[in-house]
Structures are given as C-alpha cells and as structure tokens.
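Student: Mind having a look at this structure? Questions to follow.
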Amino acid sequence: MVKTYHSVLLIIVLVLINACGSSTRGEEQPALEGGIAVLLPDSTSSMRWEADDRRFFEQAFEAVGVEYTIFNAEGNARTQQLQAEQAITGGAKVILLTNLDNGSAATIIAQAHEAGVKVIDYDRITIEGPGADLHVSFDNVAVGRMMGDSLQPLIDNLAVDTPRVILLNGSSDDHIAYLFAEGYKSVAEPHFADGSWEKVDEAWIFDWDNQQAYAAFEQMLTAAQGDVDAVFAANDPIASSVVTVLKNQDHAPILLSGQDATVEGLQNILSGWQTMTVYKPIKREADAAAEAAIRMLRGEDGSAIANDTINNGQNDIPFMKLSPILVTKDNIAETVIADGFRTWAEICIGEFEQYCPAEATQ
C-alpha cells in the first residue's frame, strides 16, 4: 500500500514538473518551425563569403540547434534563383539573401513571400520590388565616408600644388557600391569642385573583378604618365590591383583606401602600400543576421528587430544597422587581431614578416 502510494505520488510530481517546464519554455521561446536558408553570392568578389560568413552562420545556427542550409551561387543569378526555389520547397521559412543583382533578387523575394517565407537582405539591399522583410548590414555610406575622412588630411598635406586623385568604384550593378561611393565622394567632390584636388579619372569595376580593376588603373596611370597621388578604391581586392600595377611600373606607393580588412589588404597596409581599410566585423554582422532569422522563425516581425529603416526605392525597409571600424597600421592589433577576425600568423608570412610587430612573430 505504501509502495503504491509513493509510486502514484512520484507520477503526479513528474507530470507537474513536465507541465510547468513545458509552459515556461513555451513562454520564453516559441517553437522553431521550418528552417533557415542562406543564399551567398559567390566566392570571387570577396573571400569573406566562404572564409568568414559561412563559418559564422554555421556556428550561430548550430549553437541553437536550428535546421539550416547554406548555398553559394558562385556568381550565377539563375543558380541563386534555383537555390531559393529549392530552399522554399525544402521547407525553409526564412531566407537570408545576399543578392547578385536586383532583378533576380526581387524575383526571389516575391516567390518567397508568395510561399509565406520571410526574407532578410543580408549585406546588400534589393532595390527592385517592394523589398525584403529586414535588411541587415553596416552603415555603408559611413564606410565610404570613413575612407574619405581618413585620406582627406593626408591628401591635403601632400607636397604638391594640386593632388591628383582617381576613383575606383565597385560594381555598377551593385547598389552597395553606390553607397560606398556616396560616402567618399561626399568628401572628395567638394575638393574637385573648388580645384584643390584634381580628379584624374573614375571607373566602375563591374562585378568587382580584380582583373578589370588592374586593367582600368593601369590604363589610367599610363595616361596620367604616372602622375597620381591618391586612389579611392572601393575595397581591398581593388586596392590590391592598384598595388600590383604600381609595383609593376616601379611607381612609389600612393595614398590608397580599401575595405573588408582582408589578409592581403592588411599586408599592404603594414608594408606601406595601402593607407587604410574599413573593418566591418563580419562575425557581428553574421551573428546579428542569424539572430534576426531565428527570431523571425519564431514569428517576430522585422520592424521589431530593426534599429532603423532604409528606403529601397519603393518602401522603408526595417534596417538592422551596424557601425564600421577604421583600421590603419597603428590599430591592427586592437581591432581585427583582438577580435580574432584575422591572426598575425596568416598576415606575417614571407616578405611581410619583416613589417610585423615583434610580438606577432614570437
């Protein structure tokens, strides 16, 4: 009799514990239904997509235990559309999209919304159609302005009467390239207008292609008979193409911007061939996007997640806006190294070891 009583009491206690636990979990964290699909653009315009974004997404999603798939379109817009269709058919409820072009991205967003799937524009915003449910990126005008603000005093202090400047913008079909250009042109254009700087030339580097950047700058430098003092390059790979041309023509280093804090960009900065880069902590961006995707999977709206809005040409899109960081030779250790984004071991190799601080090679 006593044994039976204890057994019944134990069952009642366990039922109550489970009921309370289920209720608590339900209130704190709604169930995750479906999965998340990440659509990366390529592995050529920047090494970040495969080297950084992929691993950070994997870490974030695996930590929560959410179902996810990561695709890479390798520069093919049709492939990206097929990947989106595959994700929707496979049960994805949230798509994280880094678009290849605005037309194909607008189609993906329309197809997703028709299927009840939410879309986050990741890093790049889609400017055709009504837009995504949320945009997660850095303040990209501020990225360009940081390039301008960093180079401006250095250009003004050059021992020349009228500094000669070239603009190498990103891809003409990528809206983010216009935001970067808007930022550094806000600094440069007033100088061109008042004659204190001379604009030698300007080019848009289609598809962010390094070989096109090399050819464009080589032609500009030759036409200018080598008389160029500074270049606003829209990212580190374009800046690296500039460096290669300068070295091939036995030209001295010039003032040169960049962004993305790539290993090659940091090596160019340490060795004196590039002036600065802009560090957009990719882990911070990927983590923010992953958190947003998980919250959307649980039913939250993009406007509840965002801290700003951005207009895509048709609508104000909820915007989770992040702040970039200036990197120069003087603060590499305190920024990209301290964050674990880059390591001295990958930077200080071969000819670049001589430019690294003592602690980097110990």
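Laboratory data are not the source of any read-out in this text; all were calculated from the coordinates shown. Note that the coordinates shown come from a computational prediction; the quantities given were computed from them, not determined experimentally. Cβ: placed from backbone, ideal geometry, glycine included. Neighbour counts: every protein chain shown.
Student: Please compute the volume of the convex hull spanned by the alpha-carbon atoms of the chain and report it per residue in Å³.
Tutor: Cα convex hull per residue, to the nearest whole number: 170 Å³.
Student: Still on this structure, I have one more. For the chain, what is the calculated [θ] at 222 nm in deg cm²/dmol (nearest 500), taking -39500 (n - 2.57) for each run of four or more DSSP H residues and dividing by its residue count?
Tutor: Rounded to the nearest 500, the figure is -14000 deg cm²/dmol.
Student: Any idea how far the Cα center of the range 68-130 sits from the one of the range 307-362, in Å?
Tutor: If we compute the Cα centre of each part, the gap is 28 Å.
Student: Give me the percent relative contact order of the range 233-338, please, defined on Cα pairs under 8 angstrom at least 6 residues apart.
Tutor: 23 percent
Student: Is there a pair in K247/K329; K93/K185; K199/K283 whose C-alpha atoms are over 29 Å apart, and which pairs would that be?
Tutor: Flagged as over cut-off: K93/K185; K199/K283.
Student: How do 84-96, 315-327 rank on mean C-beta neighbours within 10 Å, highest first?
Tutor: By packing density, highest mean first, the sequence is 84-96, 315-327.
Student: Return the long-range amide H neighbours of V231 (sequence gap of 5 or more, or a different chain), with a cut-off of under 5 Å between placed amide H atoms.
Tutor: Result for V231 returns I166, L255, L256, S257.
Student: Springs between alpha-carbon atoms under 10 Å, Gaussian network over the chain: tell me which of D101, D156, D287 tops the mean-square fluctuations.
Tutor: Top of the fluctuation ranking is D156.
Student: Express in nm, to one decimal, how much length is gained between A63 and E346 on full extension, taking 0.36 nm for each residue of separation and deducting their alpha carbon distance.
Tutor: 99.2 nm
Student: So what J values fall out for the range 325-330 if you push phi through Karplus, 6.51 cos²θ - 1.76 cosθ + 1.60 with θ = phi - 60°, rounded to Hz, Gly and Pro as x?
Tutor: 10, 6, 10, 10, 4, 7
Student: In addition: In square nanometres, what is one fourth of the surface area of the convex hull spanned by the alpha carbons of the range 201-353?
Tutor: 11.6 nm²
Student: While we're on this one: What percent of all Cα-Cα pairs in the range 251-307 falls in each 10 Å bin, counting up from 0?
Tutor: 22, 30, 18, 18, 10, 2
Student: Could I ask something else about it? About its Cα centre, what dipole magnitude does the range 140-280 give when the only charges are +1 on Lys and Arg Cβ and -1 on Asp and Glu Cβ, stated in debye to the nearest 20?
Tutor: Charge dipole of the range 140-280: 260 debye, to the nearest 20.
Student: Testing the spin-label approximation: label points 7 Å from Cα along Cα→Cβ at N315 and E334. State their distance in nm.
Tutor: 4.3 nm
Student: Right, next: How large is the convex hull of the C-alpha atoms of the range 140-280 per residue, in Å³?
Tutor: Measuring per residue, one finds 96 Å³ for the Cα hull of the range 140-280.
Student: Between D173 and K283, what FRET efficiency comes out of the Förster formula 1/(1 + (r/R0)^6) with R0 = 25 Å and r the beta carbon distance, rounded to 0.05?
Tutor: 0.35
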